[in-house]
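Here, each number is a calculation from the coordinates, and none is a lab measurement. Predicted model only: the values in this text are computed from it and were never measured. Positions of Cβ are generated from backbone atoms using ideal geometry, with glycine treated the same way; all protein chains shown enter the neighbour counts.
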Amino acid sequence: MNHRLLTSIGIAVVSLSTAAGQVPKTTAQAPAKVVAKATAAGKKPGAFRTPWGDPDLQGVWNDATSTPLQRPGGVGSKDVLTDEEAEDFQKTLAFDLTRDRRDGGPEVDVNRAYNDHWMDARRLKITADRRTSLIVDPPDGRIPPRVPLPPERDKVRAERAAANDRFNAGLPQHYTDFSLPVRCIIRTDSPPYLPTIYNNDFQIYQSPGYVVIAPEMIHSARIIPVDGRPHLGKNLQQWLGDSRGHWEGDMLVVETTNFRDYPGVIFQGGNRETYKITERFVRIDATTINYEFTIDDPKTWTKPWTARIPWSRIDPNEQMYEYACHEDNYDLVHFLTGARSREQRGETK
Amino acid sequence: MIAVETAVAIAILGLAAMPATGQQTPASAGQFPPYRAPRMADGHPDLNGLWQAFVTSNWDLQDHEAQPGPHPEIMGAYGAGPAGQSIVDGGEIPYKPEALAKKKQNFEKRTTVDVSSDKTWHALGDPEFKCYMPGVPRATYMPFPFRIVQGSGPYILMAYEFTTATRNIRMNWKGEYPTPSWMGWNRGHWEGDTLVVDVTGQREETWFDRAGDYHSDELHVVERYTPASPYHLMYEATIEDPKVYTRPWKISFPLYRRMEKNVQLLEFKCVPFTEELLFGHYNKQATK
């Protein structure tokens, strides 16, 4: 494995944390064989059950991995790394990110130390099956090409991109220039669940008729009825949408609708009327849940796509903490006041 | 007139001297006939459901008249608060004299917002006004429902509609709180049919109501949830804080099961409702 490839994977890893609202580059690649077997249905059906008979997903789980959502461009059709390549990749990633490096000057050094402080150490490991992407379908491991968008949706995307650019340039004009996570409105509490730099823990609670998923990244609980009730009326929309689950054997299948009409709410800028997300949770052994999501939105992408992320059970004594995001969101004021100071000094970028 | 004042003073002293417990029949016994709740597989009562308080204590824990909101000139009757009776055992919160002055200042500055400095970020204003997590016990009597999720694991979740706050109740947990938090460090156990939750480690910034009732970093709350009927839980909370009160005190009221067909916990993600208030001042157009 050459170092250019490693770097491109490393960049893809970092970009995951800002995936919401950004438009991926798509590249045409030769289709590779499908890596993923069909989602494991569990070795022993019925092995993990609650006292009331539902499959038992209760516990604290962690979805951190360094495997990127999309297969990096340089990797070609390679879908699985060898043991040696995987080891090499993890070592190089660890070296790229460590605070113990001193090359690159003081600013880079400080940035590395800052990131290292936040970094979930589990982020340095790729998935156990050594895949080169979390996306398992299409076989090229990449989000399918977009369909042409109508001008009004292109405009929304362009406005969002311009706001991101102002933020990245250190010159946000308005609190709405920040992304929803920076504004502490939604973080990893909205589907699909993707690994990020820190706080990758999820606690699953269950009671008869309900599955509830609470992420560590922000204090909210996604309450999923599994009692067959209908969705909310179409005029009642929510930041996290409205989720309904049902059991297919050992698998929890969740469909989510009724997302709010606001840029950044729907993953990757999907179209609210046609966007459909289906998530599947299946416990394959005592310490692993396979989490899969499929996104189907014919007004945004040329075909559906599916990603799979293993969730690992964490030691119950390794507790989750409250994440009070908005309550101490000093950053938002610092960013805005910093931008105003820079404008006064005549700095434009 | 002097005689009347003396009589009032004696009455107030009399209230303050009453013991915190024992003067009333336990609410769960007095208001409801005996009740045995359905059981979970572990033999404990099943508290699952969507619950809501219908007291007006979020405006004021103690007796209060109907009142205008902070800006009646623009909010009219929309901003006004309802009258309500005290849910405090004995009627009054036993403040130390110096602490009462702080409560009054809290009330006067309840809608003051100043996030210009990290150090004084939380100095003034009601946290509810800024959409901050409400803490315990306030979360229980805000005018929003909450869901109890009780399964077969060692945790019970309380998920609140207001700012989608959550509490993880750790059953029979021994460890002390690792760091202060807005919703506290919640350790639960069963005493008969009562879920008892011991809450420590709450951030000192939370308030109890819009009247400015408050506590310090030594707050200790013990909650009791007791099934009283298929549709009611009796709720009690004993509040202790030697820095602020002369003795522990108690609140109690019933929680009602929400019964509407297909009712569910919705979102009250209120951050977007406060951004202009908190951050609008620092936007570009504001400084032109």
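General observations
- Mean Kyte hydropathy of 0.0 or more with a Cα span along the axis of at least 18 Å, helices from DSSP in chain A: A:3-16
- Under the Debye formula (equal points on every Cα, no solvent term), log10 I(q)/I(0) of the range B:107-193 at q = 0.11, 0.22 Å⁻¹: -0.41, -1.13
- Cross-link reach list, aspartates and glutamates versus B:K103, counting only Cα pairs under 14 Å and skipping chain neighbours closer than eight places: B:D60, B:E92, B:D126, B:E204, B:E205, B:D209, B:D213
- Sum of -39500 (n - 2.57) over DSSP H runs of 4+, divided by residues of chain B (222 nm, nearest 500): -4500 deg cm²/dmol
- Counting Cβ atoms of other protein chains within 10 Å of each residue's Cβ and taking the mean over peptide B:166-178 gives 2.
- Each listed q (0.05, 0.08, 0.12 Å⁻¹) maps to a log10 I(q)/I(0) for the protein assembly as shown, found by the Debye formula over equal Cα scatterers with no solvent: -0.26, -0.66, -1.38.
- Kirkwood hydrodynamic radius of the range A:224-349, Cα pairs, Å: 18.3 Å
- Projected label points at B:T200 and B:D42, each 7 Å from Cα along the beta carbon direction, are separated by 2.1 nanometres.
- According to the Cα-based calculation, Rg over Rh for chain A is 0.96, with Rh computed by the Kirkwood formula.
- The range B:225-288 and the range A:209-236 have their alpha-carbon centroids 20 Å apart.
- Whole-Å semi-axes of the ellipsoid equivalent to chain B (Cα gyration tensor, √5λ, descending): 31, 27, 19
- Kirkwood analysis of the range B:65-219, using all unique Cα-Cα pairs, places the hydrodynamic radius at 17.4 Å.
- Label-point gap, in nm, between A:N271 and A:T288 - each point 7 angstrom along Cα→Cβ: 3.8 nm
- Set of the range B:192-236 residues, backbone N closer than 13 Å to the point 7 Å along the Cα-Cβ line of B:Q67: B:208-214
- Distance between modelled label sites at B:D118 and B:L100, nm, 7 Å Cα→Cβ extension: 3.9 nm
- Between A:N235 and B:F54, the FRET efficiency from the beta-carbon distance, with R0 = 41 Å, is close to 0.95.
- Cα convex hull of the range A:35-185, projected area averaged across orientations, nm²: 14.7 nm²
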